[in-house]
1. Would you check which residues across the stretch 1-59 are among the β-branched types (Val, Ile, Thr) and modelled with pLDDT of 85 or more and list them?
2. Within the stretch 297-314, is even one residue modelled with pLDDT of 85 or more and touching a Ser or Thr at 6+ places or on another chain (Cβ under 9 Å)?
3. Based on this model, can you work out whether ILE171 counts as under 21 Å from ARG142 (Cα atoms) and at pLDDT 85 or above?
4. Within the stretch 52-71, identify whether any single residue is within 27 Å of the chain's Cα centre (by Cα) and not assigned by TED's automatic domain parsing to the domain that holds ASP127, and answer yes or no.
5. Is at least one residue of the stretch 136-152 basic (Lys, Arg) and either touching a Leu at 6+ places or on another chain (Cβ under 8 Å) or assigned by TED's automatic domain parsing to the domain that holds LEU36 (or both)?
6. Being without any contact (Cβ under 8 Å) to a residue 24 or more places away in the chain and more than 16 Å from ASP329 (Cα to Cα) is the requirement here; does ARG293 meet it?
7. Where residues in the stretch 189-200 are modelled with pLDDT of 80 or more and of a type outside the set (Lys, Arg), which of them is farthest from PRO144 (Cα to Cα)?
Amino acid sequence: MAWLKRKDADAVSTDHQLSEVEFQSLTRISAAVEALPLGVVVMSADGSAMWSNAAVDKMFTPQSDDHVLFIDSVDSVLRDALKGNVGQTDLEFGDPAVRTIEVSTIALGDGGAVAVVEDVTQRLMIDRVRTDFVANISHELRTPIGAISLMAENLIAEMGESEAARLAEIILNEVTRLNETVNDLLDLAKIEFDGLSKRESIHTAQLIDEAVGRLRSAALAKSVMIVVEDNPDMSVIGDRAQLVSAVGNLIDNAVKYSEQGSIVKIEVTREDGRMLISVADNGPGIAPEHLGRVFERFYRVDDARSRGTGGTGLGLAIVRHIALLHGGDVSVTSEIGVGSTFTLSIPAV
């Protein structure tokens, strides 16, 4: 079988007896796909014929070792797609890997399959540089933050009820907020850099108990009651520390935005093979125009309120990143003046 051999328009017209309208439409589609910067590879329903655009041909030197490996790999994922196994695959080339090609496959209505091919090497390199930069800067900030905190605490202890002591307390509060931001940045950088490096079977009952235990003191300080309404014992596969952090961030967020005397409710259910962890509060709620952005980094619905609660704007972004790493997602429903419910969804065993 010829690899990625292009059929000219005349051959297509003759072989399939296309009408003039169909022929012109096919020609325009072919020209448009040919001009795309992304690679496109099409396989026929029986797997006997393939076609690619120019972007695919330019990815590797013809007949090189990487080119042959690339051909075999794309052929394999397309044949899987013909069987219904569609999805995304990352192909790495070089030793150590110096190029990463992302291949996304979809099935066509006529039984054929298409692979969209993109060289994501530069994007991944930029992401790694950014992650390393954030991690390094965050580590460097920890030393001066610790020193300033210590000096502020000493000033407060030495000056009693003076104006200087009050100012020192403000400094300490702001440095504490800065330290929380740095810690969140380090957590996010670590998750991005390490990915899902640890996998183990985790009982959800233990997961919830550990996350609630970490936030119990903060809730008591605000007279907020954390109630676990339903916590059936099921299992998930993933990184225990990451999942505890994700659930803990949702609980922490609910506690921070709840009024004194409120209740934060946690419920764990199983639905269509997935574990759903819902955390509901009786806070101010989130307006509809903000719901689509609450999981963005540093996004705050209300900057003034976030300053009062000490939020960094990174907690929900961390939750979403952990959810995606575990093949899940996180969503939110909310009503102004009633409260919000965040739901973490993870595949269950």
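The values are calculated or read from the model by the stated rules, or taken from the named source; none is laboratory data. Computed from a predicted model, the values in this text were never measured in an experiment. A quick note on method: Cβ atoms are made from the backbone with ideal geometry, for glycine too, and the neighbour counts reach across all protein chains shown.
1. Residues satisfying the conditions are VAL40, VAL41, VAL42, VAL56.
2. So in the stretch 297-314, the residues modelled with pLDDT of 85 or more come out as none.
Checking the stretch 297-314: not a single residue is modelled with pLDDT of 85 or more and touching a Ser or Thr at 6+ places or on another chain (Cβ under 9 Å).
3. yes
4. Among the residues of the stretch 52-71, not one is within 27 Å of the chain's Cα centre (by Cα) and not assigned by TED's automatic domain parsing to the domain that holds ASP127, which makes the answer no.
5. no
6. So ARG293 does not fit the description; no.
7. GLU200
Okay, residues lined up against (1) within 21 Å of ALA211 (Cα to Cα); (2) in a loop (DSSP other than H, G, I, E, B); (3) in contact with a Leu (Cβ under 9 Å, 6 or more places away or on another chain); (4) not assigned by TED's automatic domain parsing to the domain that holds LEU324:
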site: ALA241; (1), (2), (3), (4): yes, no, no, no
site: VAL247; (1), (2), (3), (4): yes, no, yes, no
site: VAL255; (1), (2), (3), (4): yes, no, yes, no
site: LYS265; (1), (2), (3), (4): yes, no, no, no
site: ARG270; (1), (2), (3), (4): yes, no, yes, no
site: ILE277; (1), (2), (3), (4): yes, no, yes, no
site: ILE286; (1), (2), (3), (4): no, yes, no, no
site: VAL294; (1), (2), (3), (4): no, yes, yes, no
site: ARG297; (1), (2), (3), (4): no, yes, yes, no
